[in-house]
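The values are calculated or read from the model by the stated rules, or taken from the named source; none is laboratory data. Note that the structure is predicted; figures quoted are calculated from it, not measured. Here the Cβ is made from the backbone with ideal geometry for all residues, glycine too, and neighbour counts use every protein chain on show.
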Amino acid sequence: MTTPALLPLSGRRIPTLSPGASSFPHHRATLRLSEKFILLLILSAFITLCFGAFFFLPDNSKHKRFDLGLEDVLIPHIDTPKEGKHASGQVIIHGQGGHDEHRHREEEESLRDKIRADHERALQEAKEKLRKSREELKAEIQTEKNKVMEDLKKKDAGPKPLPPVPMPKVVGVSDGEPPEPDVKEKRDKIREMMKHAWDSYRQYGWGHNELKPIAKKGHSTNIFGNSQLGATIVDALDTLYIMGLHEEFKDGQEWIEQNLDFSVNAEVSVFEVNIRFIGGLLAAYYLSGQEVFKLKAVQLAEKLLPAFNTPTGIPWAMVNLKSGVGRNWGWASAGSSILAEFGTLHMEFVHLTYLTGNPAYYQKVMHIRKLLAKMDRPNGLYPNYLNPRTGRWGQHHTSVGGLGDSFYEYLLKAWLMSDKTDTEARKTYDDAIEAIERHLVRKSNGGLTFIGEWKNGHLERKMGHLACFAGGMFALGADGSPDDKAGHYLQLGAEIAHTCHESYDRTVLKLGPEAFKFDSGLEAVAVRQNEKYYILRPEVIETYWYMWRFTHDPKYRQWGWEAAQAIDKYCRVSGGFSGVKDVYSSSPTYDDVQQSFFLAETLKYLYLLFSSDDLLPLENWVFNTEAHPLPVLHLGNITLPGSDPAQR
Ligand code: DMJ
């Protein structure tokens, strides 16, 4: 299906017309241009007359405004010696008495000459215009109008047509029903939960980024720049597709074709937009083959590129999609960029270069990698903050949870996605994981393996829910690990999965808190009230799924099913699914947000857990950090534009 070109008009959009077509919008543009031209003509004549009148007034009235008899007069800043600067940025010009009078008079005279010359030129131009015949004037207006229309057309043409590239091997995009009735029943239940989440969003939040399932209306956060970009639609597409919810998928596709527009004045998170939108659109493209998703992904990616215009090439955290102006979060170690954000672009950007033939995407992420490789790392660890202006680390805080997590994930996945040819990425991953294991991974008194956080030389014995994804990562990276440590990493993955399951099992709701401690006799439980919430996050279920794929130990399906039941029991409401504020309370309150990643990740991993390994096999697909599957690119046989070291 093709997308109608769209013309922005006062924040609303109307279809553009084929050349020569005559209809309302075109007619309006014509009228406006002619009116504008005539108005300009009248205005210029009026200004000319005013100048003339001003010029011929007696001298004293002309200069009255400046001749206030004050010693000090405030005027806007000009670079003049002898000036004292006001805090406001204005400067004070000090009065200097009669000896400057002669110079002032000369300046006035030359100013008057200039005004006279301008005035005469303007009059001359106006006369020439008026001397022209009606036809000549019409022709001039038409030329001007054509130029404007041409410019608009150029703007609307969007990106150049994309070069044809072979579709990578796309296998296992659907599977049959599970043969075991109880597995089928569970999988059907997960699909039903997806239907409920989607239908509720469709009914109450359509087009908004997310849904408030209690208030039954749209919701958004500042990561999407508070504009209606339909984040839930884009994030959910591939889950709908693999679940065989084709009507819903088509509905989402139509919304995207007709409404998804990135020419909006919105300051968005580069990372979030990359993993949810670009990842979501690319996955939808590869699964369905529908060109519109590829085009939209590329249009959006172009809008993200200005974020890389920093002194170091480390991108800003946020960029305005319209102006291209970027900046960082103030709270991030004095305006630093964040490791998990600028380090989580590689997969999508490599695919963008593959699909567009534009080397820029690949070069941007390889530049980040090169820069990081050159930097000193305290204890071999990567701090979470890096200043994009100076290229220096910010606060020395290292975590495998929030702020650090997907940087490590993308090193491993860059290797997997390149058909294991990107050995530089694999080596960087192995070194990073080795340092993490040495400094951050510990066993609690009760025998639970956890990943703590490193803060300025001190280990905090706390693990975030986000860090639970690492169980799956260790298992995924086991094969190919150095010194034949595959067994060790699979075991480490299993231990993390067990710990994270304990964090769920030790709550009243059987849902995991945001962070849990291993300190002063505490084992895998949250202490602070503001760490007791569960916001429909996927990481623990993600790890169960990877562990299931690598071991087929039935306990992972069992644990996944426990989580699914708890979500259905405590988070389900009539208007969708909501996060809960305290997993230790038997009467929890809702946070009233249905996160887009609930549809993109949590429900997808649950569905995959009860599907066969033939659905999205891990030999052919690599999941981005938002669970959007991207096909392996056989980079042994393909040369990406810009990947030649001489071009970098
Ligand atoms: C998701 O948006 C991604 O998984 C991201 O990497 C971190 N966390 C959220 C979900 O918890």
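Which members of the stretch 537-579 meet the condition of being touching a Ser or Thr at 6+ places or on another chain (Cβ under 6 Å) and surrounded by fewer than 24 Cβ atoms within 10 Å (Cβ to Cβ)? If the condition is that a residue be touching a Ser or Thr at 6+ places or on another chain (Cβ under 6 Å) and surrounded by fewer than 24 Cβ atoms within 10 Å (Cβ to Cβ), then G575 is the only one that fits.
Evaluating K413 against the criteria (1) touching a residue at least 40 places away in the same chain (Cβ under 8 Å); (2) away from the ligand (no atom under 15 Å from the Cβ); (3) among the basic types (K, R) leaves one unmet condition, (2).
Does the stretch 537-574 hold any residues that are within 16 Å of the ligand (Cβ to nearest atom), more than 23 Å from E210 (Cα to Cα) and touching a Leu at 6+ places or on another chain (Cβ under 7 Å), and which are they? Spell out the reasoning first.
Step one: of the stretch 537-574, the residues within 16 Å of the ligand (Cβ to nearest atom) are 537-546, 563, 567, 571.
Applying the additional criterion that residues be more than 23 Å from E210 (Cα to Cα) yields 543-546.
Answer for the stretch 537-574, where residues must be within 16 Å of the ligand (Cβ to nearest atom), more than 23 Å from E210 (Cα to Cα) and touching a Leu at 6+ places or on another chain (Cβ under 7 Å): Y544, W545, Y546.
Checked against the criterion of being within 22 Å of E514 (Cβ to Cβ), more than 16 Å from the ligand (Cβ to nearest atom) and either part of a strand (DSSP E or B) or not small (G, A, S) (or both), the stretch 614-625 contains not a single residue that satisfies it.
Give me the residue from the stretch 392-406 that is touching a strand residue (DSSP E or B) at 6+ places or on another chain (Cβ under 7 Å), of a type outside the set (A, V, I, L, M) and farther than 17 Å from A373 by Cα and, out of that set, farthest from the ligand (Cβ to nearest atom).
For the stretch 392-406, the residue satisfying everything is Q395.
The residues in the stretch 586-608 that are closer than 18 Å to M193 by Cα, away from the ligand (no atom under 16 Å from the Cβ) and assigned to a loop (DSSP other than H, G, I, E, B) can be counted, and the count is 1.
Just checking, does the stretch 288-307 include any residue being within 16 Å of the ligand (Cβ to nearest atom), part of a helix (DSSP H, G or I), hydrophobic (A, V, I, L, M, F, W, C) and surrounded by 21 or more Cβ atoms within 10 Å (Cβ to Cβ)? For the stretch 288-307, residues within 16 Å of the ligand (Cβ to nearest atom), part of a helix (DSSP H, G or I), hydrophobic (A, V, I, L, M, F, W, C) and surrounded by 21 or more Cβ atoms within 10 Å (Cβ to Cβ): absent. For the condition under 24 Å from I233 (Cβ atoms) and of a type outside the set (K, R), V325 does not qualify.
In the stretch 516-536, which residue that is assigned to a strand (DSSP E or B) and buried (at least 24 other Cβ atoms within 10 Å of the Cβ) is farthest from the ligand (Cβ to nearest atom)? Steps first, answer last, please.
Taking the stretch 516-536 and keeping what is assigned to a strand (DSSP E or B), we get 516-517, 525, 534.
This time we only want the ones that are buried (at least 24 other Cβ atoms within 10 Å of the Cβ), so: 516, 534.
On the way: F516: 15, Y534: 11 Å.
Within the stretch 516-536, the match that is farthest from the ligand (Cβ to nearest atom) is F516.
For the stretch 371-384, check the following and say yes or no: at least one residue is within 16 Å of the ligand (Cβ to nearest atom) and in contact with a His (Cβ under 8 Å, 6 or more places away or on another chain). Yes, there is a match, as at least one residue in the stretch 371-384 is within 16 Å of the ligand (Cβ to nearest atom) and in contact with a His (Cβ under 8 Å, 6 or more places away or on another chain). Just give me the residues in the stretch 479-508 being within 17 Å of R537 (Cα to Cα), within 32 Å of the chain's Cα centre (by Cα) and polar (S, T, N, Q), in sequence order. Listed by number, the residues that qualify are T499, S503.
Can H77 be described as in contact with a Lys or Arg (Cβ under 8 Å, 6 or more places away or on another chain), at pLDDT below 75 and not polar (S, T, N, Q)? Walk me through how you get there before you give the answer.
Working: in contact with a Lys or Arg (Cβ under 8 Å, 6 or more places away or on another chain): yes; at pLDDT below 75: yes; not polar (S, T, N, Q): yes.
Judged against the criteria, H77 is a match.
Considering each of L511, L476 in turn, give the residue that is within 16 Å of the ligand (Cβ to nearest atom), in a helix (DSSP H, G or I) and within 29 Å of the chain's Cα centre (by Cα). It would help to see each step written out before you state the result.
Working: L511 fails: in a helix (DSSP H, G or I).
L476 is the lone residue from the list that is within 16 Å of the ligand (Cβ to nearest atom), in a helix (DSSP H, G or I) and within 29 Å of the chain's Cα centre (by Cα).
None of L245, L237, L229 is of a type in the set (A, V, I, L, M), under 21 Å from V319 (Cβ atoms) and either surrounded by fewer than 21 Cβ atoms within 10 Å (Cβ to Cβ) or out of contact with any strand residue (DSSP E or B) (no Cβ under 6 Å at 6 or more places or on another chain) (or both) except L229. Which of (1) in a helix (DSSP H, G or I); (2) more than 19 Å from L282 (Cα to Cα) does V365 not meet, given it meets every other one? Of the numbered conditions (1) in a helix (DSSP H, G or I); (2) more than 19 Å from L282 (Cα to Cα), the odd one out for V365 is (2).
Quick test for you: out of G402, G447, pick the one residue that is in a loop (DSSP other than H, G, I, E, B), surrounded by fewer than 19 Cβ atoms within 10 Å (Cβ to Cβ) and more than 28 Å from the chain's Cα centre (by Cα).
Details: G402 fails: more than 28 Å from the chain's Cα centre (by Cα).
The unique qualifying residue is G447.
Restricting attention to the stretch 367-390, the residues that are crowded, with 20+ Cβ neighbours inside 10 Å and touching a Pro at 6+ places or on another chain (Cβ under 9 Å) total 2. Among the criteria (1) part of a helix (DSSP H, G or I); (2) out of contact with any helix residue (DSSP H, G or I) (no Cβ under 6 Å at 6 or more places or on another chain); (3) within 16 Å of the ligand (Cβ to nearest atom); (4) farther than 30 Å from D175 by Cα, the one W329 does not fulfil is (1). Number of residues in the stretch 552-585 that are out of contact with any Phe, Trp or Tyr (no Cβ under 8 Å at 6 or more places or on another chain), among the hydroxyl-bearing types (S, T, Y) and in a helix (DSSP H, G or I): the value is 1.
In summary, Q491 fulfils each of the numbered conditions (1) closer than 30 Å to Y590 by Cβ; (2) of a type outside the set (D, E, K, R); (3) assigned to a helix (DSSP H, G or I) with the single exception of condition (1). When S611 is tested against (1) out of contact with any Phe, Trp or Tyr (no Cβ under 9 Å at 6 or more places or on another chain); (2) more than 16 Å from L240 (Cα to Cα); (3) modelled with pLDDT of 95 or more; (4) away from the ligand (no atom under 16 Å from the Cβ), just one condition goes unmet, and that condition is (2). Between G326, G313, G343, the distinction of being modelled with pLDDT of 95 or more, among the small types (G, A, S) and buried (at least 24 other Cβ atoms within 10 Å of the Cβ) belongs to G343 only.
Going by the structure shown, is S578 more than 16 Å from the ligand (Cβ to nearest atom), polar (S, T, N, Q) and touching a residue at least 60 places away in the same chain (Cβ under 8 Å)? For S578, the condition - more than 16 Å from the ligand (Cβ to nearest atom), polar (S, T, N, Q) and touching a residue at least 60 places away in the same chain (Cβ under 8 Å) - is not met.
All told, W393 meets the bar of being crowded, with 17+ Cβ neighbours inside 10 Å, among the aromatic types (F, W, Y) and in contact with a Pro (Cβ under 8 Å, 6 or more places away or on another chain).
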